[in-house]
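K.L.:
Once you've had a glance at the structure underneath, I'll fire off some questions.
The values are calculated or read from the model by the stated rules, or taken from the named source; none is laboratory data. Since we're looking at a predicted model, the values are computed, not measured. Every residue, glycine among them, receives a Cβ derived from its backbone with ideal geometry; neighbour counts consider all protein chains shown.
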Amino acid sequence: MDEADFKTLLATLPVFWWEAGSGAEVVEGGGGAFADAHTADRFLKALRDGHDGPSALLAGGPHRARFEDRTFDVNWSVREDGARSRGVAVEVNDAAAGTGACAAFADLSPAAVFVRDADGRHVWANHAYAHLYGTTRDRLIGRHLAETDGPEDAARFLAFDEEVLTGGHSVRHTLVYRRPDGSPGHAAGYRFPVTWGSMRCVAGIYVDITEYTHALDQRRRAEEDLRALRDHSGLPCLRLSADGVVGEASSAVAELLRVRLRDLVGSPADRLLARTPERAALHRVWDDLIGGRRRSARTSAVLVDGDRRQRRAWVHLSAVRRTGDWVPDVWAVVTGLGLSHEPHPPLTAAQVRILALLAAGHSNAGIAEALHLSRQTVDYHLSRLRHLLGGATRPALVARAYVLGILSPHSWPPRSTTAAHPLSPA
């Protein structure tokens, strides 16, 4: 086997061989222990720094060395003239260290992991950590914090490291760092003391939370804008939980209901509703909103204020889902107010439909045809409605139907305020 064959064989083995000049710089090297020349250079530099050069490695035969959580048996010989030196490092299975699997795991982890010495120089980092700086781990390892971060950030990070080394225990940090494009990044994680070979170092594992932080900021700004709109727009509005409890309220709705704002928040919304047919219809709409069958609805309700007076109101309801919640909250905005509520006698479904058709301009004959009733039955119902509602003429009946809240003023064709569906007349 010639020298070329021998070098080819070593290229597949966990071995690093080298020939160095008088200054211990690598003239030639090879073997399969390291993937690139940059890592091999750092290995030799670590050997030189740890033993005051190759001459210190001669005495006592092979030396065991640790490098990036790997263990090597090292032989380094120097020629008598000191012009050249040769060495070989063979990786051994250091079962006592028990960290090889951990290092491999950290190297592939999406979390950013690093190890720095007490002076602030990176001695190990995984790919995710190097990615935060827009570089590769081989270009990062061996560099000082001052070379990778601005002066202020470097001083701050060194202070964190000193805190860990002095205290001798892990410390949790949430910190801001500068991204390669100059924008601020956010990370959260732990730093803890470790022994790296013969050195006392600081290790850290961090998760980038920049996007999460931005999302929280956007949500905070949106909530601030919503509170400003709630408090300064003059809109009477409430935010209700899925079980119907008032979570937020504007001062305008507290003024409308003649109650103190602090007494309104936390109270059941049902206490604000009079026991009218609209209440049952509102409950049906509410069930659809909470159940996800509708996202918004427009309906009417009879509100009871702090003085026990009743007033009709038209309300717009919108379901809003908080992040992570299975059921939504509901925003209720009062869009219109009627006069003080005047109770009306209960009407049959047929009578409400007749009022809706009457308001749409149908004749008695047209109403009878639309409802498949006889003309005499329609005449009878209209006579009863004049008596029940106190309206002597057809226009008076229509006016009374709107004033009393029987018909909705917000829809055409006319329909009942308690209709279960927007297309239903009653």
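One line per residue, one yes/no per condition, for (1) modelled with pLDDT of 85 or more; (2) more than 15 Å from residue 338 (Cβ to Cβ):
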residue	(1), (2)
262	yes, yes
275	no, yes
279	no, yes
300	no, no
303	yes, no
308	no, yes
312	no, no
317	yes, yes
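K.L.:
Being surrounded by 11 or more Cβ atoms within 10 Å (Cβ to Cβ) and among the hydrophobic types (A, V, I, L, M, F, W, C) is the filter here, so list the residues in region 216-248 that pass it.
P.N.:
216, 226, 229, 235, 237, 238, 240, 242, 245, 246
K.L.:
Can you tell me which residue within region 409-426, out of those that are among the polar types (S, T, N, Q) and crowded, with 21+ Cβ neighbours inside 10 Å, is modelled with the highest pLDDT?
P.N.:
Top of the filtered list is 416.
Residue-wise test of (1) touching a residue at least 40 places away in the same chain (Cβ under 8 Å); (2) in contact with a helix residue (DSSP H, G or I) (Cβ under 9 Å, 6 or more places away or on another chain); (3) under 18 Å from residue 230 (Cβ atoms).
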position	(1), (2), (3)
258	yes, no, no
272	no, yes, yes
280	yes, no, no
284	yes, no, no
290	yes, no, no
300	yes, yes, no
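K.L.:
Output yes when any residue across region 306-314 is touching a His at 6+ places or on another chain (Cβ under 6 Å) and under 23 Å from residue 262 (Cβ atoms), and no when none is.
P.N.:
Within region 306-314, one or more residues are touching a His at 6+ places or on another chain (Cβ under 6 Å) and under 23 Å from residue 262 (Cβ atoms).
K.L.:
Taking only region 392-401 into account, find how many residues are under 60 Å from the mean Cα position of the chain (by Cα) and either crowded, with 20+ Cβ neighbours inside 10 Å or among the β-branched types (Val, Ile, Thr) (or both).
P.N.:
Going through region 392-401 one residue at a time, the tally reaches 4.
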